[in-house]
Amino acid sequence: MAELHPFDAAVALQPQPDGSFAGATHPAWANMVGPFGGITAAQALSAVLRHPQRLGEPVAMTVNFAAAVADGPFTVLARPARTNRSTQHWTVEIQQQGQAVLTGTVFTALRRETWGDARETPMPEVPAPEALQPPPGRGRVEWIHRYELRFAEGGYPTAWDGRDSGASRTRLWMRDAPPRPLDFASLAALCDVFFPRIWLRRASFVPLGTVTLTIYFHADAALLAATGTGWLLGQARAQAFHNGYFDHSAQLWNQAGQLLATTQQVVYYKE
């Protein structure tokens, strides 16, 4: 019997008689405090994807990290707040010991064939992933080993000396390790792979945590299936750092240059 992929093991939710889903954190996705935020977002989305009342495919989601997720079991509550002819609005919540640790919304829809143009945001020209070397050494957290990463620009600082680099842009190739066919849940997790922009600007491990994460899915299931286990190119940059919070915006393309997702997040930091 084939061993379950670490991602599938982490998002394996069990439906409960009351309509909720039972899940648990997974040690393969451990972060500095609790699990990697991307896997928690994927678990929230998975509850909607597995729900028997779901209509259509994900178009957008927002998750708010209300508290650090503790290692151990959790409950996911997913509820269709409004269902229309071709769209559906969901509320989702992850609870531990009866308290919310994540709140969020998911928007799903039946996509219809229309005119479209993805050239508004062309993929940047960078070396192919095979021409780039993986980052040296092991990361400080376990979840980073769940991905293959190849930085074309804006990699980890070579010296954590507090020097301001003057730039916050990163461009990197990424994919699951071991490779796994792309789907909506794994794409959601990949949207959070970028390390915090303030670390790139300041080369200093300031304490921080993501507060809210929004993802817009520009791909449908057929495009994700066509992307398969291929590399994705991600680009991220901050837009402002101010009084304890900064944001970043990011885009993810497949190797064919098709834009799969765009994402925004706001991060709390302190000094």
- Query: If you wrap a convex hull around the C-alpha atoms of segment 111-192 and split its volume per residue, what is the figure in Å³?
  - Reply: 159
- GluC sites (Glu not before Pro) in segment 108-180 lying in a DSSP loop, each with at most 14 other Cβ atoms within 10 Å of its Cβ, come to 113, 120, 125
- Item | Solvent-accessible area of residue 79 with every protein chain in place, 1.4 Å probe, in Å² to the nearest 10 | 130
- Item | Alpha-carbon radius of gyration plus Dmax, which is the widest Cα pair, for the chain in Å | 18.2, 56
- Task: List the relative contact order of segment 209-271 as a percent without decimals, with contacts defined as Cα pairs under 8 Å and 6+ residues apart.
- Result: 43
- Query: Taking Cα centroids, how far is segment 166-240 from segment 50-124 in Å?
  - Reply: 17
- Query: Excluding the sites themselves, what is the longest stretch of the chain that contains no chymotrypsin sites (Phe, Trp or Tyr not before Pro) in a DSSP loop with at most 15 other C-beta atoms within 10 Å?
  - Reply: 1-114
- Per 10 angstrom bin, beginning at 0 and ending with the bin that holds the maximum distance, the Cα pairs of segment 147-264 fall in percents of 13, 45, 30, 11, 1
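The values are calculated or read from the model by the stated rules, or taken from the named source; none is laboratory data. This one's a predicted model, so the numbers in the text were calculated from it and none came from an experiment. Don't worry about glycine lacking a Cβ; one is built from the backbone with ideal geometry, like all the others, and counts go over all protein chains shown. The area values use the complete protein model at the heavy-atom level, side chains included, leaving out ligands, DNA and RNA. Shrake-Rupley method; radii C 1.70, N 1.55, O 1.52, S 1.80 Å.
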